[in-house]
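Structure first, then comments.
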Amino acid sequence: VTDLNAVLRRFGRLGKWKESVVLFEWMKKHNKLTAPTYTSYFSVLGKACQVDKALQAFEELEDQEIRSNLYLWNSMISTLISNGKVDKAFQFFRLMKEEGLVPDRITYSTMISGCSKALGGFYKAQELVKEMRDKDLRLDSVMYGALINVCASNHMVEEARATFDEMQAEGFVPNLFHYCSLLNSYALKGWHEQAEQVLADIKSAGLKPNKVVFNSLINAYARAKLPLKARGIFEEMTEYGLQPDMISFCSLMDAYAKAGQVEEAQQMFDQMKASGLKPGSNSYSILISAYGKSGKINMIRKLSQEIDHIIGGDLDIHLFNSLLKVYCQAGVMDGVMDILRKMDTQGCSPNRITFHILMAYFCKEDLCDLAIRTFQDMEARGYPANETSYTILIQGFVRYNKVKDSLDLLAEMHKRGVSPT
RNA sequence: CAUGAAUUGCCACCUUGG
């Protein structure tokens with residue numbers, strides 16, 4: 001059984017999650033399921049964006065002994081969080097306590113890292129920290145890393161810096177994770193001077209910057225719409241002895257795309273291929289959005305076909321969403337249908353953003369009842385409506401003078417306590 | 001045998017610029 005669990009994990013590392021599903025089902029049929037089987041399985045599914053499968057396995061789990069295993073809950077929570085189902089993760093967190101389990105430091109650090117994807121995540125993270133204090137659990141180095149990242153992804157630059165300082169006051173020595181999260185808080189705002197300063201700090205702390213540091217810095221310049229500077233960092237990292245990776249190329253492509261330089265973005269794409277890197281979903285989705293912004297639908301169709309041939313089964317939700325958005329904006333109905341069909345055959349589950357794109361599209365086309373049905377679908381699939389969801393619908397209704405419906409929605413939104421703004 | 005932190009791409013509004 002131990003070996004089978006290892007095989008399960010190996011499938012994951014090779015990106016063969018479908019095989020691991022088969023193996024898992026086989027093990028289930030032969031009563032060979034142990035707690036590590038579940039944790040390994042969840043971990044594989046989490047990385048392959050197949051949360052629904054993990055949730056299903058969890059629900060079908062009847063063995064009480066396994067169900068009271070802390071690792072099981074921790075890895076389920078981790079899977080939910082890496083797939084953006086933060087609300088659900090909090091539900092599980094509550095549920096595990098109700099079942100008498102005591103969260104450990106791994107549970108808390110997983111939950112804290114999940115706060116980077118939640119609206120108002122900073123405050124949720126603070127509550128978790130407080131809860132830990134009450135239980136005499138101390139923050140460790142990893143948790144500080146997660147906390148800084150929570151600040152960064154919520155665009156709270158000051159707080160990121162304060163947390164960074166606080167951890168040092170507590171006697172922790174920052175590592176590359178901490179520096180990178182800090183750098184990223186600046187990068188996300190396009191504050192390239194501060195980002196550069198962090199790079200300097202890394203060097204003077206005697207640490208060797210890695211690709212992540214440089215990539216983040218490229219991103220800082222991308223957001224600042226300074227593609228030439230981004231390019232400069234790209235070259236600097238090469239001189240530093242670091243091979244640009246997929247993310248380096250993508251960040252640079254995006255720098256050009258954001259600056260409206262589609263041709264240069266295309267050039268980087270070609271250069272990436274020439275350097276032996278396989279373009280993945282992310283590079284295609286940058287290109288597609290870039291062409292979409294300049295209204296080149298024929299290029300989109302071409303890329304869309306190319307994708308079918310090149311990446312088999314590796315298409316991810318971001319890419320589908322980008323395609324959907326472009327087709328929706330252009331009002332290309334057959335394109336939209338085509339993508340939805342492909343998602344289905346690829347086994348790629350829609351996320352909240354997918355539903356938002358579709359809702360906006362239906363509203364625009366005056367298909368309000370379809371929009372509402374999509375809204376309900378979304379909630380049924382485990383994505384509770386948030387402020388954005390309501391905003392899209394309300395605006396759609398207002399556009400067609402359905403004032404009464406809008407007001408109803410607004411009331412419903414308040415009643416449900418969705419962050420009223 | 002199993003679980004935790006950093007870098008790219010997708011959504012309404014807003015802001016800024018075009």
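Every number in this text was worked out from the coordinates using simple rules, so none of it is lab data. Not measured: the values here are computed from a predicted model. Positions of Cβ are generated from backbone atoms using ideal geometry, with glycine treated the same way; all protein chains shown enter the neighbour counts.
Derived value for segment A:163-304: Kirkwood hydrodynamic radius 15.9 Å. Basis is the mean of 1/r over every pair of different alpha-carbon atoms.
Checking every one of the GluC sites (Glu not before Pro) in segment A:1-93 against DSSP loop status and a limit of 12 other Cβ atoms within 10 Å picks out A:E60, A:E62. Extension gain, A:A162 to A:Q305: 0.36 nm times the residue separation minus the Cα-Cα distance gives 46.6 nm. In segment A:256-300 the Cα-Cα distances spread across 10 Å bins starting at 0 as 30, 56, 14 percent of all pairs. The value of relative contact order for chain A, using C-alpha pairs under 8 Å at least six residues apart, is 6 percent. For segment A:118-212, the Kirkwood estimate of hydrodynamic radius, built from reciprocal distances between every pair of different alpha carbons, is 13.6 Å.
Computed from the alpha carbon atoms alone, the convex hull of segment A:14-119 holds 94 Å³ per residue. Packing here is the average count of other Cβ atoms within 10 Å per residue, and on that basis the peptides A:379-385, A:248-254, highest first, run A:248-254, A:379-385. Computed over segment A:1-46, relative contact order equals 52 percent, with contacts defined as Cα pairs under 8 Å that lie 6+ residues apart.
Measuring nothing but how far apart in sequence close Cα pairs (under 8 Å, 6+ apart) lie, relative to its length, segment A:1-156 scores a relative contact order of 17 percent. Over all distinct Cα-Cα pairs of segment A:309-421, the Kirkwood formula returns a hydrodynamic radius of 14.8 Å. Rg and Dmax, both from the Cα atoms of chain A and both in Å, are 22.9, 63. Stretching the chain fully between A:L70 and A:K342 yields a gain of 94.2 nm (0.36 nm per residue, less the alpha carbon separation). Of all the Cα-Cα pairs you can form in segment A:242-381, what percent are over 25 Å apart? Of all Cα-Cα pairs in segment A:242-381, 30 percent lie more than 25 Å apart.
The alpha-carbon of A:K16 sits under 23 angstrom from the alpha-carbons of these lysines, leaving out residues fewer than 8 places away in its chain: A:K28, A:K29, A:K32, A:K47, A:K53, A:K85, A:K278, A:K342.
Comparing Cα centroids, segment A:158-199 and segment A:215-229 end up 17 angstrom apart. Packing here is the average count of other Cβ atoms within 10 Å per residue, and on that basis the peptides A:130-136, A:234-240, highest first, run A:234-240, A:130-136.
Taking 0.36 nm per residue of separation and subtracting the current Cα-Cα distance, fully stretching the chain between A:E25 and A:L119 would add 30.2 nm.
Roughly speaking, what is the centre-to-centre gap between segment A:353-408 and segment A:274-292 when only Cα atoms are used, to the nearest Å? Using only Cα atoms to place each centre, the spacing works out to 30 Å.
Only the Cβ atoms of Lys and Arg (+1) and of Asp and Glu (-1) were treated as charged; on that basis the dipole of segment A:229-272 about its Cα centre amounts to roughly 160 debye.
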